[in-house]
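The next block holds one structure in the form of structure tokens; read it before the comments.
The values are calculated or read from the model by the stated rules, or taken from the named source; none is laboratory data. Since the model is a prediction, treat every value here as computed from it, not as a measurement. Cβ coordinates were reconstructed from backbone atoms using ideal geometry, including for glycine residues, and neighbour counts include every protein chain displayed.
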Amino acid sequence: MPQQQNNGRRVVFWPGNEVIPEAAIAAGCRFFAGYPITPSSEMAHIMSRRLPQVGGVFIQMEDEIAAMGALIGASLTGEKVMTATSGPGFSLKQENIGYASMIEVPCVVVNVMRGGPSTGLPTALGQSDIMQARWGTHGDRPVIALTPSYLDEAYMETIRAFNLAEKFRMPVFVLLDEVIGHLSEKIEIPDPSEYELVERPRPKVPPEQYIPYDSSESDIPPLADYFSGYRFHMTGLNHDKTGFPTTNPAICQAENERMMRKVDAHLSEIEKYEEYLTEDADVGVIAFGSTARAAMVAVNDARERGIKAGLLRPITLWPFPEEAARNLGKRSKGIVVPEANLGQLIYEVQRVAGCTGPVVGVNKVGGVPIYPGEILAKIEELA
Amino acid sequence: MGPALLSIPQSAIRNPQWEILICGFGGQGVLFAGELLGRAGMRAGMEAAQSASYGAEARGSACHAGVVLSSEQIPYPKVRRPDLLMAMSQAGYDKFVPSVESGGTVIYDADLVKPKQIEGIGQVSVGATAAATELGRRGIANVVMVSAAVALTGIIPREALRQALEEQSPSAYLDVNLNALEAGWKMRES
């Protein structure tokens, strides 16, 4: 069938779980290892069909742990790589996510969140992995997690996830929830001329001079592709610039701090959020993913009733847009934090917002979405 | 990149839009019907969002699909108070009829649903299953239903629905689906 075009853009009607794989391929992803799990399974199905068409590789592994391991290995050969999972699989991947963070390997991990703990609610909405994304693996490491609310945004944020993973040599999470994963919307696919693709820093020196963690020029050391003539060692142990283990306290301290700087020193480039009617807001709402869409309606309904409400929608959940939250907190009488869990992001809001009034949650874990009316009721309480 | 500060005008949010719910049981093509309606809306130049019940559903169990059509960006993509309910099962009718917006419309399959008397909403009977059976394939009652509903309400031009069906239909079923579209559209006159 001829595809509809708009300003040269292809117009499609896709579910979120198709948008992400297609955006990944547009971003240059050529490897997917996974273990299908609802509500993310369609991504594995689509990648198994689409990747061979573009010269890529799809592997279904024996479990989520192995899938994450395969992802790291494939990335080390120089490919852009992705996996998709949900809560239980995300839990299993955590050790290897820590390993990818430690050896500084670019990869994108999509998590279509569902209810938990454990296998929880396999086919229902949850936003249960907010803190797991931040703290799920042991030790301190930089974290980037993107939470799109709209499907056109999901397309561009997926491309951005690959760019950030490559640029900063680290895992990047795309956190969807079941509602966004299974929602179909009209999307105009951006032309490749509309965005940039980023490649990881690669060595400019010949193999015999290559030092794998040489950060003398940048906090992000160049990464050579395996099988390209560069021979180097990688380990999850604390290591020095040669890539071999060290227990030297000064080096361990300096290297861990360098890894954290990859995000901390580039916040303005990474952080992204949207503010809606916040300038004069008496009551603030902070919401992400599909819940943010209900919150937007609640803000409008509150305004119709004469309550000045405003919405801050983090698009990067990690790093959390602290300054925007702080500004909203200073201006408003109170903040509502609706989330499909029993209170996770609210801790971060309480920590940073400095709000003189109450910070209250709207929390649901029964697998059904939070409705605009439920958020509106809390806004009215605080007004 | 960097922080985005966007503002969406109030008028974009408070815009008239259609909320449509299709209910039935697994195997009737309820989700196909939802996708068809969303896609047709999009082909007609509207914003469209489609969601569906997503559970451990199997053939014969209850399922539904929701579609929101609007001339502006759709903030909340789920159906709350349908303006139009298409009922292809008694259980679905009973469950969702109380949520229909005052002044809304219910279109139900004549063979599958016994309607109740309800004030303030319009109810129209459509012989979708009968028409599909006559065309030799019961499984296309979903397309008959969507086509009849679109024709009766005038939400979407016929050409957009046809285009959407051509895109979405597996090629082996395209002819029979187009016949279903014809049959449904004719019900406007009956």
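Only residues in the range B:70-81 that are facing chain A (nearest Cβ under 8 Å) and closer than 16 Å to A:Tyr150 by Cα count as the first member; pair them with residues that are assigned to a loop (DSSP other than H, G, I, E, B) and modelled with pLDDT of 90 or more, Cβ under 6 angstrom, at least 6 apart or cross-chain, and list the lot.
B:Pro77/A:Leu183
Regarding the range A:281-294, can at least one residue be identified that is aromatic (Phe, Trp, Tyr), more than 22 Å from A:Thr356 (Cβ to Cβ) and assigned to a loop (DSSP other than H, G, I, E, B)? Even if it seems obvious, please write down each step before you answer.
Keep residues of the range A:281-294 that are aromatic (Phe, Trp, Tyr), which gives A:288.
From what is left, the residues that are more than 22 Å from A:Thr356 (Cβ to Cβ) are A:288.
Adding the requirement that they be assigned to a loop (DSSP other than H, G, I, E, B) leaves A:288.
Yes, the range A:281-294 contains at least one residue that is aromatic (Phe, Trp, Tyr), more than 22 Å from A:Thr356 (Cβ to Cβ) and assigned to a loop (DSSP other than H, G, I, E, B).
When only residues in the range A:331-355 that are over 9 Å from A:Ile286 (Cβ atoms) and aliphatic (A, V, I, L, M) count, which is surrounded by the most Cβ atoms within 10 Å (Cβ to Cβ)?
Top of the filtered list is A:Ala340.
List every residue pair whose Cβ atoms sit under 8 Å apart, with the two residues 6 or more apart in sequence or on different chains, where the first one lies in the range A:344-357 and is at positive phi and the second, anywhere, is surrounded by 20 or more Cβ atoms within 10 Å (Cβ to Cβ).
Listed pairs, sorted by first residue: A:Gly354/A:Gly329.
Just name the residue that is farthest from A:Asp129 (Cα to Cα) out of those in the range A:169-188 that are away from chain B (no Cβ under 13 Å) and in contact with a helix residue (DSSP H, G or I) (Cβ under 7 Å, 6 or more places away or on another chain).
Looking only at the range A:169-188, we keep the residues that are away from chain B (no Cβ under 13 Å), and these are A:169-176.
With in contact with a helix residue (DSSP H, G or I) (Cβ under 7 Å, 6 or more places away or on another chain) added as a condition, the list becomes A:170-176.
Working: A:Met170: 19, A:Pro171: 16, A:Val172: 14, A:Phe173: 11, A:Val174: 11, A:Leu175: 8, A:Leu176: 10 Å.
Among those that are away from chain B (no Cβ under 13 Å) and in contact with a helix residue (DSSP H, G or I) (Cβ under 7 Å, 6 or more places away or on another chain), it is A:Met170.
Quick one: which of A:Asn17, A:Asn7 is under 17 Å from A:Leu151 (Cα atoms) and among the polar types (S, T, N, Q)?
Just one listed residue meets the conditions, A:Asn17.
Among B:Glu134, B:Glu166, which is away from chain A (no Cβ under 14 Å), surrounded by fewer than 17 Cβ atoms within 10 Å (Cβ to Cβ) and not polar (S, T, N, Q)?
From the options B:Glu134, B:Glu166, the qualifying one is B:Glu134.
Looking at the structure I just gave you, is A:Gly98 touching a Gly at 6+ places or on another chain (Cβ under 8 Å) and either on the phi > 0 side of the Ramachandran plot or not in a strand (DSSP E or B) (or both)?
Numbers: touching a Gly at 6+ places or on another chain (Cβ under 8 Å): yes; either on the phi > 0 side of the Ramachandran plot or not in a strand (DSSP E or B) (or both): yes.
Yes: the conditions hold for A:Gly98.
Looking only at the range A:166-192, how many residues end up being over 15 Å from A:Ala26 (Cα atoms) and either part of a helix (DSSP H, G or I) or hydroxyl-bearing (Ser, Thr, Tyr) (or both)?
8
Going through the range A:142-165 one residue at a time, which ones are of a type outside the set (Val, Ile, Thr), more than 13 Å from chain B (Cβ to nearest Cβ) and not in a strand (DSSP E or B)?
Initial filter on the range A:142-165 (of a type outside the set (Val, Ile, Thr)): A:142, A:145-146, A:148-157, A:160-165.
Next, from what is left, pick out any that are more than 13 Å from chain B (Cβ to nearest Cβ): A:142, A:145, A:155, A:162, A:165.
Passing the criteria: A:Pro142, A:Tyr155, A:Phe162, A:Ala165.
Among (1) on the phi < 0 side of the Ramachandran plot; (2) within 14 Å of chain B (Cβ to nearest Cβ), there is one condition A:Asp264 misses while meeting the rest; what is its number?
Condition (2) is where A:Asp264 drops out.
List the number of the failed condition for B:Leu161; all other conditions in (1) within 14 Å of another protein chain (Cβ to nearest Cβ); (2) in contact with a strand residue (DSSP E or B) (Cβ under 6 Å, 6 or more places away or on another chain) hold.
(2)
State the number of residues belonging to the range A:6-63 that are within 14 Å of chain B (Cβ to nearest Cβ), part of a helix (DSSP H, G or I) and buried (at least 20 other Cβ atoms within 10 Å of the Cβ).
So the answer is 5.
Give the range A:299-320 a look and list any residue that's in contact (Cβ under 8 Å) with a residue 40 or more places away in the chain and assigned to a strand (DSSP E or B), or say none.
Passing the criteria: A:Ala309, A:Arg313, A:Pro314, A:Thr316, A:Leu317, A:Trp318.
Quickly run through the range A:99-143 and pick out the residues that are among the hydroxyl-bearing types (Ser, Thr, Tyr) and either over 18 Å from the mean Cα position of the chain (by Cα) or under 21 Å from A:Cys29 (Cα atoms) (or both).
Step one: of the range A:99-143, the residues among the hydroxyl-bearing types (Ser, Thr, Tyr) are A:99, A:101, A:118-119, A:123, A:128, A:137.
The answer is A:Tyr99, A:Ser101, A:Ser118, A:Thr119, A:Thr123.
Limited to the range A:135-152, what total is found for residues that are more than 15 Å from A:Glu271 (Cβ to Cβ) and not hydroxyl-bearing (Ser, Thr, Tyr)?
8
Any residue at all in the range A:73-83 that is under 21 Å from A:Pro15 (Cβ atoms) and either under 18 Å from the mean Cα position of the chain (by Cα) or in a strand (DSSP E or B) (or both)?
Yes; the residues of the range A:73-83 include at least one that is under 21 Å from A:Pro15 (Cβ atoms) and either under 18 Å from the mean Cα position of the chain (by Cα) or in a strand (DSSP E or B) (or both).
Scan the range A:321-330 and give yes if some residue there is assigned to a strand (DSSP E or B), at pLDDT 95 or above and not hydrophobic (A, V, I, L, M, F, W, C), otherwise no. Working first, answer last.
The first filter runs over the range A:321-330 and keeps only residues assigned to a strand (DSSP E or B), leaving none.
No: the range A:321-330 contains no residue that is assigned to a strand (DSSP E or B), at pLDDT 95 or above and not hydrophobic (A, V, I, L, M, F, W, C).
Within the range A:214-231, identify whether any single residue is buried (at least 17 other Cβ atoms within 10 Å of the Cβ), over 24 Å from A:Ile144 (Cβ atoms) and aromatic (Phe, Trp, Tyr), and answer yes or no.
Yes, the conditions are met somewhere in the range A:214-231.
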